[in-house]
1. Can you confirm whether the range 405-414 contains a residue that is under 19 Å from Thr1086 (Cα atoms), in contact (Cβ under 8 Å) with a residue 24 or more places away in the chain and surrounded by 24 or more Cβ atoms within 10 Å (Cβ to Cβ)?
2. Within the range 551-593, work out how many residues are surrounded by 14 or more Cβ atoms within 10 Å (Cβ to Cβ), under 24 Å from Phe355 (Cβ atoms) and either touching a Leu at 6+ places or on another chain (Cβ under 8 Å) or modelled with pLDDT of 80 or more (or both).
3. Read through the list (1) modelled with pLDDT of 85 or more; (2) more than 21 Å from Arg432 (Cβ to Cβ), then give the number of the only condition that Leu1052 fails.
4. Within the range 651-662, is there a residue that is more than 32 Å from the chain's Cα centre (by Cα) and touching a residue at least 60 places away in the same chain (Cβ under 8 Å)?
5. Given (1) buried (at least 24 other Cβ atoms within 10 Å of the Cβ); (2) under 21 Å from Ala405 (Cβ atoms); (3) not basic (Lys, Arg), where does Ile994 come up short, assuming only one miss?
6. Counting only residues that are β-branched (Val, Ile, Thr) and over 19 Å from Leu202 (Cβ atoms), which one in the range 825-853 is surrounded by the most Cβ atoms within 10 Å (Cβ to Cβ)?
7. Within the range 173-189, work out how many residues are in a loop (DSSP other than H, G, I, E, B), at negative phi and under 32 Å from the mean Cα position of the chain (by Cα).
8. If you check every pair at least six apart or on different chains, which have Cβ atoms under 6 Å apart with a residue in the range 813-830 that is farther than 9 Å from Val881 by Cβ first and a residue that is at pLDDT 85 or above and not polar (S, T, N, Q) second?
Amino acid sequence: MSRFDKDGKGGMVGFFVHHPNAANLLMIILLVAGLFALSRMNSQFFPTIDSDTIEISVSWSGASAEDVEANILEIIEPKVRFIDGIDKVTSYAREGSAYIILEFKQGVDMPQALRDVESAVDLINTLPDLADDPTVSYRQFRDDVARLILSGPFDEASLRGFAKEIRDDLIDRGIDTVDFTGLRDEEFFVGLSDYDMRRLGLTVQDIGSQIASNSRDLPSGNVQDGFEKQVRTLANEETPESLSDIKIISGIDGSSVALGDIARVERRLDPDQVRGIMRGESAIQLIVRRAPSADSLEASAIVNDYLKSIEGVFPPTLKITQYDALAEALVDRILLLVKNAASGIILVMVILALFLNLRTALWVTAGIPISMLASCVVLLALGQSINMMSLFSFIMMLGVIVDDAIVVGEETTTRYQAGDPGPVAAQGGGSRMLLPVTAASLTTVAAFGPILLIGGVIGQMMGVLPLVVIAVLTASFVECFFILPGHLAHSMTPSHNRNWSVRRVITIGLILLLPMVLFYGLSPEMVGKFGGATQSLWQWLHGLFAEGSMVALLVFIAIAAVISTLIEALHVRKLRRTDFRANHGRMSESAFRRKFDKGFNALRDGPFRKIVTLSYDWRYTTLALCIAAMTIMGGLVAGGRVGFVFFPSAEAETVTISMTFNVGILEEDAVKIAKRVDDVVYQTEREIGKGEKLVIASFVTLGQSGRTTADNVASLRLRLTPSEQRSIRTPAFIRALNRNMPDMAGLKRASIRGQRGGPPGADLDIRLTGGSPDVLKRASLDLQERLSAYPGVSELDDNMPYGKPELTLALTPRGRSLGFTAQTVGEQVRDLIEGRTARKLAILDEEVEVRLKRLSHANVDSLRSLWLRSPQGTFVPLTEVVQIADRQGFSSIQRFDGKTTIAVTADVDAEVVTATELVAELDRTLMPQVANQYGIDYHFSGRNEERMDAFADLRIGLMIALAAIYIILAWIFASYTRPFAIMMIIPFGLVGAILGHYLLGFQLTILSLIGLLGLAGILVNDSIILVSRLDERIAHGQTLRHAAIGASCDRLRAVVLTSLTTVGGLAPMLFETSPQAQFLKPMAITIVFGLAVATLFVLFLVPSLFGVGGDIKRGLTFLLHGSKRPAEHSPAE
């Protein structure tokens, strides 16, 4: 038969089998396109988490959190809550500011949503007069690339200049965004004398108006003087000296009072803003971020190259500390998964070589890189990136990729051994397995596809999994039927040319040369990440040859040439010794292959057939044993032997110490406490590290802790060394910090927490609603005290911290008689205490405020010493106008969907009690008691809310997956009842999954449940292979009993091989010790153990189920038709 099938009777499979080079051309196209796509895909830690949120912010300087809630939040929320597409509304009232975060449902047109929100906000005209205009912004995803801390013996003004210069340089080099922490704004401070203002009859507002009108250039029109000229009035230069010269009062006699005569004018940094500190010195942090379209590794390379280029440019005493450099950690994680993938590929190759002849095994294995690279084209088109989830998905698909190729290769080999020529066997094998492989691929897609229905953060993290599965299966299908048959046909067609082939020597030499050159060209940093023998070999090579030496290349070429020549010599020798006439023109099998096949056939036809026969004959006992096994595994879960944790976060590498000081603490005292806490950190490092470096950097933000901004809070952020590079685990380090943290005067509370990945929210998050802030706070404190008695619960806190003590002013009858109103009193008191912004000056790239404020004096009651100007122009003491009372206020109040809410949060030690168990216990006992006692409502949020949403989506996804699998099977087998027999194997996948978690000491997670969906598709595929063979035997006239037993024996090799390759691809993950890979293990355990155990169910239970089905059919026939019995050879439908 011609190698070029011109008549095309073999279809597409036949075309690629008989065409001289179509298969190779298609392979080259896929490889080149895949490499191009791989080079264009972005690299990042996790998939992009899009938050379709719009933020509304309003500043109201000097206002308390309660005032902000009542006068801003309660006005804006009703206007925006019911805009189309809004899912949740979260609002924050803080001292001096309000934030409203609108979360939209997925799929909403965000540009239109932004316009709707802006229009709604523009219609609001009832906000306080002194509040700034609302700002509406769309919060776009920005991923951290690195953090830089600038510190040293410099004042903050100098550090600001360095920080801005570095920011501008990085942006010029291609960085998307650089944000600052601890960079305080400059302002012109005008300190007013209370005595002078009263003497001259002035108020803060009067002076502010004079400054505003005398510090602004104004156009004054045009004049015609022969030709048109523009007139412009110029103000004085914007400096402290020029502001001091502004005339506040001018008399008709020429006398005047300048601002400098009654005020102290200076240019300073805003003392109310967040300040950065590092090891006791002023510091500024730069957070380098990338856009979703940017690559993390490229952005990190820009930062590293820039830092190298500025060595010697800035003063040598300027310390630039880089930490949170995610690129290095990202490379570590990628290499971790790549090493596991390489180990998996080797295991898969070994398994294939055992069960298939070497030629078939090599071409089946070749499908792995072809399919993976080709799938990158699909993933690039879908906007996906290289991240930990996508790489793990590829590892999971290692064995699945070759499943299709295995059944095609095995069928082709069987036909070839039966006497068909190589091209005929390849064409026949591909055509015969086209329908079963299509069905298997569709059922796998149907099993994984519903994962796309999971919403929230979990859905966005796991959404890449089904996309990788679809892309890989599509690429594998193309490789399996258009590339693999052509290669198998060629390998099974013996060459009668027994002479040397120069082309073959060159090809083999290039294949050998490429990895040697790539290995030699690796950077020292990259090789160091592999360590061990790999690093030793690389160092030995570089010790022999200088880097870039042509001698090394020539040596590599010589080694490759020698090895390829030796391989060719052995090949030619074997060809010349082969007597093709004795083998009917075929290649002879090796002695190992003959012995292995003989032993496998003996196992299949002997012990295995006997066990299958026994299980079929005692099919009800078999079914009962399987159900008993599933019941026992269910008991392990119900009895708590195998617990459930929603999402197992990777080990934290960032630790945050949130500090709350006593209200009214002086800034210098807060700095000393923060410095002492910082010293405790490094003392703990020396104590438990014993010379091992645990902390890379520490940075204090004074005035801010999380979302809370106040004078009495601070936060110390610690970046630890990567978990793989230290022996001290993060929980142990945190426990040591808690032990070493001393009681310090002025420090009210210090909470230490590790920053975790995965879904946002605390392990335990209880939201209290339905009461006033005071009632909710009392309920929160009571609840925290009761929760502290529960084992495993720690770091209890809420999000409504007490703020500064408040002084309330109530207008007295005398004040009303003098003409004062609550508004005039409030405005004058606010101007005197908080100050007033006269105007904002644009200086270079900054907006600098001119801020007027009354000078305060030490040891003087600043409020009770105030004087107010009455409408008649006389000054009256404040105490004669108002009555002053004390009360405790809050620094922050949070609202959810229009309701004032306090969130009580805590960490839960999963080794003591799981969050799921704790939530169930609290919902049954404690929470109803607290709710009844205080007359409030409650609900569980945080990760529990994410868990409930994910479970609801999973239930829907499971139903859709089962329905889709049923439809596919019903179509393939043209039967309504046959799919049930195949799908009954799905629940038994739980047996191996739960057993694996129990044996390895892992808890079930959401990833385990998602893995069960994928496992269902893989199990159905194995069942399809067996059932399709059963149908063939029945079609040839065999009884159901003989067909079921024979089908299990016939497909033993294929079922075992497909299961072993999938298990082999994931097995290295089970032995991975890296703390950062532990959260992926539950899914690997589910598939490896679930498939390993369920393979036995496929081989023994599925035939038994068909026997039970046959019994049921005969029983129904007897009931309906009496003694009339169906034909014995009919299938059990």
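The values are calculated or read from the model by the stated rules, or taken from the named source; none is laboratory data. The model shown is predicted, which means the values in this text are computed figures rather than measured ones. Here the Cβ positions follow ideal geometry from the backbone for every residue, glycine too, while neighbour counts run over all protein chains shown.
1. Keep residues of the range 405-414 that are under 19 Å from Thr1086 (Cα atoms), which gives none.
No.
2. Number satisfying all stated conditions: 1.
3. (2)
4. Initial filter on the range 651-662 (more than 32 Å from the chain's Cα centre (by Cα)): 661-662.
Next, from what is left, pick out any that are touching a residue at least 60 places away in the same chain (Cβ under 8 Å): 661-662.
Scanning the range 651-662, I find at least one residue that is more than 32 Å from the chain's Cα centre (by Cα) and touching a residue at least 60 places away in the same chain (Cβ under 8 Å), so the answer is yes.
5. Of (1) buried (at least 24 other Cβ atoms within 10 Å of the Cβ); (2) under 21 Å from Ala405 (Cβ atoms); (3) not basic (Lys, Arg), only one is false for Ile994: (2).
6. Filtering the range 825-853 for residues β-branched (Val, Ile, Thr) gives 825, 829, 833, 837, 843, 848, 850.
From what's left, over 19 Å from Leu202 (Cβ atoms): 843, 848.
Numbers: Ile843: 13, Val848: 18.
Step by step, filter the range 825-853, then rank; the result is Val848.
7. Going through the range 173-189, the residues in a loop (DSSP other than H, G, I, E, B) turn out to be 173-176, 182-185.
Then drop every residue that is not at negative phi, which leaves 173, 175-176, 183-185.
Imposing the further condition that a residue be under 32 Å from the mean Cα position of the chain (by Cα) reduces the set to 173, 175-176, 183-184.
Summing the residues that are in a loop (DSSP other than H, G, I, E, B), at negative phi and under 32 Å from the mean Cα position of the chain (by Cα) in the range 173-189 gives 5.
8. Gly819/Pro871; Ala822/Leu811; Gln828/Leu868
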